[in-house]
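Enquirer: Sharing a structure, written as structure tokens. Questions coming.
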Amino acid sequence: MPVFECASETDIPALSKLLSVLFTQEIEFKPNETAQCKGLSMIMSNPDLGAILVVRDGPSILAMVNLLFTVSTAIGERVAILEDMIVAPTARGVGIGSALLNYAIGFAKNHGVRRITLLTDRGNYSAQQFYSKHGFAELTMVPLRLPLT
């Protein structure tokens, strides 16, 4: 029976492997285990930044999602950015992704979040359809990025 919960520091190696799967699927990102472990550790060590939620089956992590918290001045409330949602390839097609997303939405509500925003690759129509089925709607805003090195 799958268990839904917050990840712990000991999960970082397994989570980094899942992120590597995700980042090989995305156009803009490349796997970087050092950066992935550093980012996961930063989030886990400061719950005000966000939460890494996982689905476990015994010792195995089947899926993960990252919620990052901030404040919206437009609505004057706490909001979240949903990032890094990935289901292990061997666990796909049985509803784990939907169950994890619903768990993340409930977790966000319980933590005072009033809006969740996410990004998908422009051409990832299956992800867009998945999120749409769960109530997410496409925006008129266009994401822009400025890397600061």
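The values are calculated or read from the model by the stated rules, or taken from the named source; none is laboratory data. All values reported here derive from a predicted model rather than from experimental measurement. No Cβ is skipped: glycine too gets one built from the backbone with ideal geometry, and neighbour counts run over all protein chains shown. To get the accessible areas, we keep the full protein, side chains included, count just its heavy atoms, and leave off ligands, DNA and RNA. Shrake-Rupley method; radii C 1.70, N 1.55, O 1.52, S 1.80 Å.
Enquirer: Of all accessible surface on the chain at a 1.4 Å probe, what whole percent is carbon and sulfur?
Expert: The C+S portion of the solvent-accessible surface of the chain is 58 percent.
Enquirer: Find the eigenvalues of the gyration tensor of the Cα atoms of the stretch 51-101, then list the square roots of 5 times those eigenvalues as equivalent ellipsoid semi-axes, largest first, in whole angstrom.
Expert: Working: eigenvalues 153, 22, 11 Å².
Equivalent-ellipsoid dimensions as semi-axes: 28, 10, 8 Å.
Enquirer: Next question, about the same structure. Run the paramagnetic zone check for Cys6: 7 angstrom along Cα to Cβ, then residues of the stretch 107-124 with backbone nitrogen under 17 Å.
Expert: Only 107-113 fall inside the zone, counting backbone N under 17 Å.
Enquirer: Determine ³J(HN,Hα), in whole Hz, for all residues of the stretch 111-120 in sequence, where each value follows from phi through the Karplus function 6.51 cos²θ - 1.76 cosθ + 1.60 and θ = phi - 60°; x replaces Gly and Pro.
Expert: In residue order, the calculated couplings are 9, x, 7, 10, 7, 10, 10, 9, 10, 10 Hz.
Enquirer: Ok, one more. Show which aspartates and glutamates lie in cross-link reach of Lys38 when reach means a straight Cα distance below 16 angstrom and same-chain residues fewer than eight apart are skipped.
Expert: Glu9, Asp11, Glu83, Asp84
Enquirer: Rounded to the nearest 500, what is the chain's calculated 222 nm mean residue ellipticity when only DSSP H runs of at least 4 contribute -39500 (n - 2.57) each, over all residues? Present the calculation step by step, with values, prior to reporting the outcome.
Expert: Working: 4 runs with 50 residues, N = 149.
Helix contribution divided over all residues of the chain: -10500 deg cm²/dmol.
Enquirer: Collect residues whose amide H, placed 1.01 Å from N in the peptide plane, falls under 5 Å from the amide H of Met85; neighbours closer than 5 in sequence don't count.
Expert: Amide H neighbours of Met85, under 5 Å, 5+ apart: Asn66.
Enquirer: For the chain, set up a GNM with springs between Cα atoms under 10 Å and report which of Thr120, Thr90, Thr24 has the largest fluctuation.
Expert: Maximum among the listed residues: Thr90.
Enquirer: If we count every other residue with Cβ under 11 angstrom of Ala74's Cβ, Lys/Arg +1 and Asp/Glu -1, where does the sum land? Walk me through the numbers before you get to the answer.
Expert: On the way: positive: Arg114, Arg115; negative: Glu77.
Neighbourhood net charge equals +1.
Enquirer: Once phi is turned into ³J(HN,Hα) by the Karplus curve 6.51 cos²θ - 1.76 cosθ + 1.60 with θ = phi - 60°, what whole-Hz value does each residue of the stretch 79-92 show in order, with x for glycine and proline?
Expert: For the stretch 79-92, the Karplus curve yields 10, 9, 10, 8, 10, 6, 7, 8, 10, 3, x, 6, 10, 7 Hz.
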